[in-house]
Amino acid sequence: MSDFFFNYGLFFVKVLTIVVAVVIIIGVAASAGRKAHQDGLEVEDLNKKYKGLARTLRKAVLKKDEQKKEAKAEKKREKAEARETTGRPRSFVINFKGDLKASALPALREEVSAVLEVATGMDEVIVCLENHGGVVHEHGLAASQLARIRDKGVPLIVCVDKVAASGGYLMACVASKIYAAPFAILGSIGVLAQIPNFNRFLDSHGVDFEQVTAGKYKRTVTMFGENTDEDRAKLKEELEDVHALFKAAVSEYRPDLDLEKVATGEHWYGTRALEMGLADEIQTSDELLSERAVERDLYALTYRIKQPLQKRLMANIDSALEKADATGWRRRFESRLPR
């Protein structure tokens, strides 16, 4: 009888676990579905945001009479600002968080297009960039979107708080000025191809791999076929060609860089990157935006695109792979810290 109750209890726990898991999945899917319907451009007044945060803190720490004095002073400041006949210059803030496929690119295109419809030479665009790099053509197109801003004569600033490496730096170098946090990662001006090969495994299990191509170099190094030295040499040639294009793009926007030193595929941390010429100033995005808010009107732009459920699920998988790839950067960093 005790075995019966034990097995029943075990079965009940398993069923309960499955039910809870299903409920969680449905809840997440429903939440994602609600968010997916939010499409279009969203604009946030960062000046108001900062003032609201300060107001909340003052309310918590100041005495009532001090609060009244501060409230009166704030009203005077607001009236003075309202009486100004000439508008203040504006800073349009765009956040770009990259992944292997630069999946934020469609939103970036819309955000840049919106800015260019209203920005003047007095205004500027600040891109807060976090990007480890990834697929060449996707990040190349993302860099081209930022180039649209410079081509229109609007000053472009890129802030790197964490990382702008490889394709991420291809985007960052387009800026008129690059700000980097003290330990931000910059550089990795190089090209990489990593391809696993299962040919020996398939051969040992009696599995033949057939590949038919038209064109000598339609396919060189493969995952399942037997690779030759000629295949590897051709892939190396292609990578060198992409590397040359990468260096040419960096040189166009940062002509004073010594490419022999920086285009080796290595990366550097903020202060060292400044010495190498990869950045122009050491400062976090928070510091920069706080300074700009004193004399400029700041607007954060976010373009949300409606995504079908299948695409959102695939995006989650890509995000997981990106996090696994980013772990390599973190381990490199941690390995250099004193224990």
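Please treat every number below as a calculation from the coordinates, not as lab data. A quick note: this is a predicted structure, and the numbers were derived from the prediction, not measured. Every residue, glycine as well, gets a Cβ built from its backbone with ideal geometry; the counts of neighbours run over all protein chains shown.
So if R0 is 25 Å, what FRET efficiency would Ala214 and Ala248 give, r being the distance between their Cβ atoms, rounded to the nearest 0.05?
The pair Ala214/Ala248 has a calculated efficiency of 0.20.
Strictly over 29 Å apart at the Cα level, which of Lys218/Lys261; Lys48/Lys177; Lys152/Lys218; Lys64/Lys162; Lys247/Lys306; Lys101/Lys306 would you flag in this model?
From the list (Lys218/Lys261; Lys48/Lys177; Lys152/Lys218; Lys64/Lys162; Lys247/Lys306; Lys101/Lys306), the Cα-Cα distance tops 29 Å for Lys218/Lys261; Lys152/Lys218; Lys64/Lys162; Lys247/Lys306.
Enumerate the aspartates and glutamates that Lys72 could reach by cross-link, defined here as Cα to Cα under 18 Å, with residues fewer than 8 away along the same chain left out.
Glu81
Out of the range 194-272, which GluC sites (Glu not before Pro) are coil in DSSP terms and have no more than 10 other C-beta atoms within 10 Å?
For GluC sites (Glu not before Pro) across the range 194-272 that sit outside H, G, I, E and B with at most 10 neighbouring Cβ atoms in 10 Å, the list reads Glu210.
Any idea how far the Cα center of the range 153-217 sits from the one of the range 243-286, in Å?
16
Multiply the residue separation of Ser113 and Asp256 by 0.36 nm, subtract the distance between their alpha-carbon atoms, and state the gained length in nm to one decimal.
48.5 nm
Under a cut-off of 20 Å between alpha-carbon atoms, report the aspartates and glutamates in cross-link reach of Lys216, not counting same-chain residues fewer than 8 places apart.
Glu226, Asp229, Glu230, Asp231, Glu237, Glu238, Glu240, Asp241
Give the peptides 214-223, 165-174 in descending order of average Cβ contacts within 10 Å, highest first.
For the peptides 214-223, 165-174, the packing ranking is 165-174, 214-223.
Please label the shape of the range 189-265 as rounded, prolate or oblate, based on the square roots a ≥ b ≥ c of the eigenvalues of the alpha-carbon gyration tensor (a/c under 1.5 means rounded; beyond that, a/b larger than b/c means prolate, else oblate).
prolate
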